[in-house]
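Undergrad: Just passing along the structure, written as structure tokens.
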Amino acid sequence: MTIDLSYVEELYGKPLLDLVYEAASVQRAHHDANEVQLCTLQSIKTGGCTEDCKYCSQSIHNPTGLAKESLLNVDEVLEGARQAKESGSTRYCMGAAWPRVIDGRAFDRVIEMVQGVRKMGLEACVTLGMLTGDQAQRLKEAGLTAYNHNLDTSEDFYPEIITTRSYQDRLDTIAHVAEAGISLCCGGILGMGEGREDRIKLLHRLATLDPQPESVPVNALVPVEGTPLADVEPLDIFEWIRVIAVARILMPKAMVRLSAGRLSISREAQALAFMAGANAIFTGDKLLTTPNPGGDTDRGLMEALGLKARPSNKAAA
Ligand code: SAM
Ligand code: DTB
Ligand code: SF4
């Protein structure tokens, strides 16, 4: 089925409750609506990134005061994965502040991390920046479940946010991931000062990727002091809900992940997001470098809503 931009516009502009109702119906047809996948993030290489992403705490172009660290050891990372599993996570996502993967000892170490995480029976996801076809193939052989590489916003708005790489660079890496047969985790950031049309175009791009992403992270900008986006006006929360609902309708099978930004989103809005089709969250008190609601807060929310954690036997093989 082809998805026209005009159809995405039409969906996005529906009365909110009609839109949420439609998204909830799609979710119920494809997923257990009371189940949420818990995922854990780990920054395996923090800071010192040469890209100039205006939202990011880890770019050398942004004076955020974040200390640069070297790549973690395999043991440290696997210990983190073990704890994540113990606290109910079924997916372990490892992020590196690299513009691209370079072959050599560091990449070999990441390969070992992926193998170790998979051995524990967890889904393994990495986000390492740009990637060649051969590197994607190596990750596939290591058993990687998914590669996270976000389109972040519309192609039109992209140059306002990042100048050191192009939208096409992103699409090229995404193609390498697909060719290697690795599932794609691809989404965006909302609230960077983009317009509704940019959000619509992002959703259209995501939904017309072939194959569609297995996972769509929806990040609400976490404003970081020292970045050019530190003082951007926060997004209207119902725009966030609309994006989640449209993503759910256009990508019925995908996991729609509430990623960055939940700390400043009310319990009520998060409940509406689950109604609108979100079915995964990152748990733990830290994302990569910024705070996240801790496990107790999320357990409280899930209990209040009667949501249960998705069991590990449903994890991707
Ligand atoms: N360096 C790799 C890259 O950019 O592809 C991987 C790590 S990067 C930190 C992963 C994603 O985190 C970005 O694509 C962006 O969507 C998200 N992100 C980073 N900083 C954020 C912020 N302050 N608020 C919301 N999302 C953010
Ligand atoms: C994604 O889209 N969101 C996650 C994951 N992919 C790697 C990262 C969010 C990072 C938020 C900012 C920070 O903590 O540095
Ligand atoms: Fe680097 Fe990724 Fe941050 Fe951009 S988002 S500065 S590529 S770590």
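The values are calculated or read from the model by the stated rules, or taken from the named source; none is laboratory data. These numbers were taken from a predicted model, which means no experiment stands behind them. Virtual Cβ from ideal backbone geometry, glycine too; neighbours counted across all protein chains shown. We work out accessible area using only protein heavy atoms, side chains counted, and drop any ligands, DNA or RNA first. Shrake-Rupley method; radii C 1.70, N 1.55, O 1.52, S 1.80 Å.
Undergrad: Roughly what % antiparallel, to the nearest 5, for the DSSP beta bridges in segment 5-302?
TA: The antiparallel proportion sits near 5 percent.
Undergrad: Going by amide H atoms built from the backbone, whose H comes under 5 Å of the H on residue 256, apart from near neighbours?
TA: 216, 279, 280
Undergrad: Restricting to DSSP loop positions (anything but H, G, I, E, B) with no more than 14 other Cβ atoms inside 10 Å of their own Cβ, which GluC sites (Glu not before Pro) remain in segment 199-270?
TA: Working: sites: 214, 225, 239, 268; in loops: 214, 225.
Of the GluC sites (Glu not before Pro), the ones in loops of segment 199-270 whose Cβ has at most 14 other Cβ atoms within 10 Å are 225.
Undergrad: Sticking with this one: Under 4.7 Å Cβ to Cβ, no partner at all: give me those cysteines from the chain, in residue order.
TA: 39, 49, 185, 186 - these cysteines have no disulfide-compatible partner (Cβ-Cβ under 4.7 Å) in the chain.
Undergrad: Between beta-carbons, use under 10 Å as the cut-off and find the net charge around residue 59, counting Lys and Arg +1, Asp and Glu -1.
TA: Once positives and negatives cancel, what remains is -1.
Undergrad: How many percent of the accessible area of segment 103-215 is carbon or sulfur, using a 1.4 Å probe?
TA: Its accessible area is 44 percent carbon and sulfur atoms.
Undergrad: So which lysines pass the test for residue 68, namely a Cα distance under 30 Å, with those fewer than 8 places away in the same chain ruled out?
TA: Residue 68 reaches 45, 54, 85, 119, 140, 286.
Undergrad: Just the accessible area per residue of segment 5-302, please: how many Å² with a 1.4 Å probe?
TA: Result: 41 Å² of accessible area for each residue.
Undergrad: Taking one equal scatterer on every alpha-carbon of segment 5-302, how large is log10 of I(q)/I(0) by Debye at q = 0.10, 0.15 1/Å?
TA: So the normalised log intensities work out to -0.50, -1.23.
Undergrad: Mean residue ellipticity at 222 nm from the helices of the chain, using -39,500 (n - 2.57) per DSSP H segment of n ≥ 4 over the full residue count, to the nearest 500 deg cm²/dmol?
TA: About -12000 deg cm²/dmol.
Undergrad: To continue, here is another question. Considering only DSSP states other than H, G, I, E and B, which trypsin sites (Lys or Arg not before Pro) in segment 221-317 qualify as loop sites with at most 16 other Cβ atoms within 10 Å? Please report the intermediate quantities before stating the final value.
TA: Working: sites: 242, 248, 253, 257, 262, 267, 286, 299, 308, 314; in loops: 253.
The qualifying sites are 253.
Undergrad: Let me ask something else about it. Under the classification rounded if a/c is under 1.5, otherwise prolate if a/b is larger than b/c and oblate if not, where does segment 170-241 fall, given a ≥ b ≥ c as square roots of the Cα gyration tensor eigenvalues?
TA: Verdict is prolate for segment 170-241.
Undergrad: Please report the net charge: other residues with Cβ closer than 11 Å to the Cβ of residue 190, K and R +1, D and E -1.
TA: -2
Undergrad: Can I ask one more? Could you compute the net charge surrounding residue 75? Neighbours are other residues with a C-beta less than 13 Å from the C-beta of residue 75; K and R count +1, D and E count -1.
TA: Result for the local shell: -1.
Undergrad: Ignoring any ligand, DNA or RNA, what whole percent of the accessible area of segment 244-300 comes from carbon and sulfur when the probe is 1.4 angstrom?
TA: 57
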